[in-house]
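Below is one structure, written out as structure tokens; the observations come after it.
The values are calculated or read from the model by the stated rules, or taken from the named source; none is laboratory data. All of these numbers come straight from a predicted model, not from anything done at the bench. Note that we place each Cβ from the backbone using ideal geometry, even for glycine, and neighbour counts take in every protein chain shown.
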Ligand SMILES: CC(C)(COP(=O)(O)OP(=O)(O)OC[C@H]1O[C@@H](n2cnc3c(N)ncnc32)[C@H](O)[C@@H]1OP(=O)(O)O)[C@@H](O)C(=O)NCCC(=O)NCCS
């Protein structure tokens, strides 16, 4: 019943408190009548569950009494009889290091882990009090040797502290060192080396807390809400940490006097261990510093591009070079060094264990206590310290894999992406990030164990910056999403021109970029460049086709836009399309322009018959821009929320997906409105099938469904979200086995809809390809002036072309009649014409690539669909055969209660037709889909109908028709073999891709292999069951269900299905197995 | 002990011992420690939804619940805690207590009844799921002992299967 409440942070140590008890009792309390509960908007049940009741032994840690030994430890000072030795330091730091990671994931709190160490407590208190360098007395307890660096200074210190030397001299009696040396050795070890390591450790904590507080980790994540008050030193420490650590290293080396010859000795090893810890602690700051570094996804020197999806990258630019403020690669050296230090610990584990086992000093064991929970203000009830096996379980190998290697590997992916930034790679990258962040591991400790909270929060902050940019580059998240959208739905689309060309110059992106690159225009600065450049990476279109000198579109015929743009503007058409740059004015410019116009026909729309104009940033109407900018703002916020979800734990991620469904749903409505507006009002006519130009004005046209590219794409995202929300419930164990059947049935429905929507995108793409082919033929005809005249006739009906054709016509006319003067013109015309053809071919090639991507996506959803269908059917059969774990339960008691209530009251009228309790459960289970417009939410009765349809093998009286059951088994087997085939094909393709070095497809790869595993397992399960029943060799084709159930039992099968929820996000499907008892 | 020896009755406001008994029982067995405020909050406002099970005058089981309007669109019952003395478990006492509370809530027009329970509390999960409660979400590290919890929901009317933002406020329903 408890959630973590917000706890205001007060500097307890420096606050003056006033006792108001008597005032409270005499004034306030007397006005409260007995048995009355005080409530206010700021204090009710929620706050009450977090109240720490005074003198309640379960809640009030200050009322606790500790055993005698505990209080000794609580008073632990650093001038004890037996000072710390090298061994102690290793033991304590080793334990603290593990505890730090135990805090992060193993159901532990700060006060029971890192803060349970009295040294840490002491250190933090000193820090909090600002006591970095303390008095003589204090310095002995725990101060720094900062000021004592030279031999003379040490001599001075030695004489000052002589009174304490006795205890230090007790040590190392036989090592032949002078008393001074021995004293200093122990003193320094304790006060400098150990201290610096503690500071380093606390700094890790502090860095992480800052990371979590950056707003991406929810309070329920717990890691931040449980700090004991009074130790608010996190922000103050960072500066001095590295300095202190360096100093600690120096002193440690000095003390140990490790020479080359010494290196192999135990002391050499111990020193190396300490230095390795120190190394890890020092590097920690790098990790958080990376979060404020900006990276470059573009090459700002490349003047051909705005956003630079197509830019060339300089390899391996050192991230730390100050001359390169925006590197294009993340320098992962610091992480590699941390990883190798951890590996060193891993390899030295036996030695460390030996040190721990042979250590006789009690303090390293006793310095961990519950005391801090009593001594410092604490917002939690008393908690136990972690068990020693838990601490041992947090091994260096585990820490390394989960915390350091995982980040390092991810950064490698980032570097790969940065160096190969294009549509496909970005999509794969996102798949990977979502896959990793959403993965659910084991449930051993009653909690999920996927990617760590450090990974999730760090990755999110590093990837998605406050200004909604990607890695702090000048590429906005929204742009890459639009890039994705464009890839699937926007290429060669008039809508796209509208979107990328017609935008508010006020948009921050435009402002940000306009100062250094005049070519930036359009909503996201992507105007002419983004999508096409993005795509162009995949195709390597020769530079000449989008060269920086590209002259813009023709002067606009309409009067409103007389003002000439000062900058060299390029239309979206310029990329991979025609430009005038390669011609030197031999043919009249107007002719060339008109030809361009014809070739880039899609990019043209009509205001009125007389004033055709290009839809580009400079001449689009303000009202149009506003409409677009508003819509894109909505896209941005939806996408932002959707992507930021990666920082959440898998449980919360699923909840956010549920919210995203609503967001995508309303975005889809807005997108559709916009698509229709461009179609109807702006006249950007795009259809799901190709309409030859001459037919476009005909009446058939009205019956053709408009392409709606934007809405279609949003719908696709929404469906993906719905399917993910649904299937992610399985690994989180939200569904009971009896529910898997309807969950998978619903899943198949979403997958099916995804296939339909992808097919629609494919149709649109095909239409575009047909259109291009048609155009190619047209342009080929244009080469022959005679045919040209005919074409002119054809085109005459087309209003858009009227203006331009008349221009071309004039020119063509001159070339045919006046041969002498026009031969050079004609050759220019021909060259130009060839170039047009080449461009059109390239556009066609692009669309073919898109088709390929669409087919890949369709295959993926086909495999999910058949997996869902097969699993649904499999579970239904088992349920019908009486396998209890998946049998649908009956809830007769509650059914009666509800029925009684609704018959007695007329006001509680239900919304649905089907009033059974099962229908209610169904409605509740799929509540997240209930508000969605399309696809229609499914109903319980649909489920019943769909399910009984497959159950022809069931006859009355609990009998089963074996023949029909067998064929049911066969059809399920068929479904799974279909899954297998589809998955295998995709895996082969991915393998080929990665061997070509095209993209990293790890995320997808995992999903697919998991699907493969499940489908194989399920086939096996069905096969086994079928075989088993076959042994009955029924005389009659009809057998009783009870016999089958008995049979399963007699074969010593558990009579149950053992189910497993596999690991990783990909395990959207339960593994259903038949197991022998 | 015979099941018929168990007497169930709602909290008696005139008998201060009832409240003390409930608190003592819960403190003993619930992993999450609660302040007196929490008990008072439930017991003083919804005494009818606090039901005690007594055996020969001794309180051996109790349930604490509340019923309130949720986001102003549906009536939501909430079961705060249910506990049965160790020596009296596995005899259907908890089931009876939960049933009584549910009946009361249904009578008072609850649209749904919710609660949270630790993912590892098999007894409680079994108890509720057998009645018809459904897990609707997993709550990460929900409890002080850092275990995840399930939110369980029992739908009573169809309002429970519509997102609250899409439900009309009560005054617009005639
Ligand atoms: C949970 C608790 C209240 C159950 O009390 P109880 O009186 O023993 O339960 P009942 O005898 O009424 O059992 C009812 C159902 O609960 C389930 N159940 C009870 N104990 C169970 C156990 N140990 N394991 C699995 N299921 C169990 C069963 O489904 C049982 O139905 P069945 O007997 O028809 O199979 C009791 O174990 C308890 O007090 N636990 C500590 C407090 C707690 O965890 N409360 C719940 C959190 S708010």
Discussion item. I'd like to know if segment A:940-949 contains one or more residues that are farther than 20 Å from residue A:748 by Cα and in contact with a helix residue (DSSP H, G or I) (Cβ under 8 Å, 6 or more places away or on another chain).
Written reply: no
Practice prompt. Collect the residues in segment B:60-80 that are within 12 Å of chain A (Cβ to nearest Cβ) and either assigned to a loop (DSSP other than H, G, I, E, B) or buried (at least 23 other Cβ atoms within 10 Å of the Cβ) (or both), keeping them in residue-number order.
Written response: B:64, B:65, B:79, B:80
Fill in: The listed residue being part of a loop (DSSP other than H, G, I, E, B) and more than 25 Å from residue A:918 (Cβ to Cβ), out of B:90, B:54
B:90
Worksheet item: Going through segment B:95-115 one residue at a time, which ones are within 8 Å of the ligand (Cβ to nearest atom) and either within 13 Å of residue B:133 (Cβ to Cβ) or surrounded by fewer than 22 Cβ atoms within 10 Å (Cβ to Cβ) (or both)?
Response: B:95, B:96, B:98, B:115
Practice prompt. Tell me, yes or no, whether segment A:731-744 has at least one residue that is over 26 Å from residue B:135 (Cβ atoms) and at pLDDT below 95.
Written response: no
Discussion item. Residue B:38 - would you say it is crowded, with 24+ Cβ neighbours inside 10 Å, assigned to a helix (DSSP H, G or I), at pLDDT 95 or above and more than 9 Å from the ligand (Cβ to nearest atom)?
Written reply: no
Worksheet entry | Qualifying positions in segment A:680-711 - part of a helix (DSSP H, G or I), modelled with pLDDT of 75 or more and more than 35 Å from the chain's Cα centre (by Cα) | A:680
Item to complete: Filter segment A:13-38 for residues that are within 14 Å of chain B (Cβ to nearest Cβ) and touching a helix residue (DSSP H, G or I) at 6+ places or on another chain (Cβ under 8 Å) and give the result.
Response: A:35, A:36, A:37
Worksheet item: List the pairs whose first member sits in segment B:87-104 and is free of Cβ contacts under 8 Å to residues at least 24 places away in the same chain, whose second member is more than 6 Å from the ligand (Cβ to nearest atom) and assigned to a helix (DSSP H, G or I), and whose Cβ atoms are under 7 Å apart, counting only residues at least 6 apart or on separate chains?
Response: B:103/A:897
Practice prompt. Can you tell me which residue within segment B:133-154, out of those that are within 13 Å of the ligand (Cβ to nearest atom) and surrounded by fewer than 20 Cβ atoms within 10 Å (Cβ to Cβ), is modelled with the highest pLDDT?
Written response: B:151
Worksheet item: Got at least one residue in segment B:11-30 being surrounded by fewer than 21 Cβ atoms within 10 Å (Cβ to Cβ), in contact with a helix residue (DSSP H, G or I) (Cβ under 7 Å, 6 or more places away or on another chain), more than 12 Å from every other protein chain (Cβ to nearest Cβ) and assigned to a strand (DSSP E or B)?
Response: no
Practice prompt. Quick one: residue B:81 ticks every box in (1) in contact (Cβ under 8 Å) with a residue 12 or more places away in the chain; (2) away from the ligand (no atom under 13 Å from the Cβ); (3) touching a helix residue (DSSP H, G or I) at 6+ places or on another chain (Cβ under 8 Å) except a single one, so which number is it?
Written response: (2)
Worksheet item: If the Cβ limit is 7 Å and pairs must be 6+ apart or interchain, which residue in segment A:431-443 that is away from every other protein chain (no Cβ under 13 Å) and farther than 11 Å from residue A:649 by Cα pairs with which residue that is at pLDDT below 80 and surrounded by fewer than 20 Cβ atoms within 10 Å (Cβ to Cβ)?
Response: A:432/A:1002
Worksheet item: Restricting segment B:84-94 to residues that are within 6 Å of the ligand (Cβ to nearest atom) and under 16 Å from residue B:29 (Cα atoms), which is nearest to the other protein chains (Cβ to nearest Cβ)?
Response: B:94
Practice prompt. Would you confirm whether any residue within segment B:118-132 is within 14 Å of the ligand (Cβ to nearest atom), assigned to a strand (DSSP E or B) and at pLDDT below 95?
Written response: yes
Discussion item. With the structure loaded, tell me whether residue B:48 is touching a strand residue (DSSP E or B) at 6+ places or on another chain (Cβ under 7 Å) and either assigned to a loop (DSSP other than H, G, I, E, B) or more than 13 Å from the ligand (Cβ to nearest atom) (or both) or whether it fails that test.
Written reply: yes
Practice prompt. Considering each of B:154, B:115 in turn, give the residue that is in a strand (DSSP E or B), over 30 Å from residue A:103 (Cα atoms) and within 9 Å of chain A (Cβ to nearest Cβ).
Written response: B:154
Discussion item. Can you pull out every residue in segment A:384-410 that is touching a helix residue (DSSP H, G or I) at 6+ places or on another chain (Cβ under 8 Å) and assigned to a loop (DSSP other than H, G, I, E, B)?
Written reply: A:384, A:385, A:386, A:394, A:395
Worksheet item: For segment B:58-70, does any single residue satisfy the condition of being without any contact (Cβ under 8 Å) to a residue 40 or more places away in the chain, more than 9 Å from the ligand (Cβ to nearest atom) and in contact with a strand residue (DSSP E or B) (Cβ under 8 Å, 6 or more places away or on another chain)?
Response: yes
Response to the item:
By residue number, the members of segment B:118-135 that are at the interface with another protein chain (Cβ under 7 Å from one of its Cβ atoms) and in contact with a helix residue (DSSP H, G or I) (Cβ under 9 Å, 6 or more places away or on another chain) are B:118, B:119, B:131, B:132, B:134, B:135
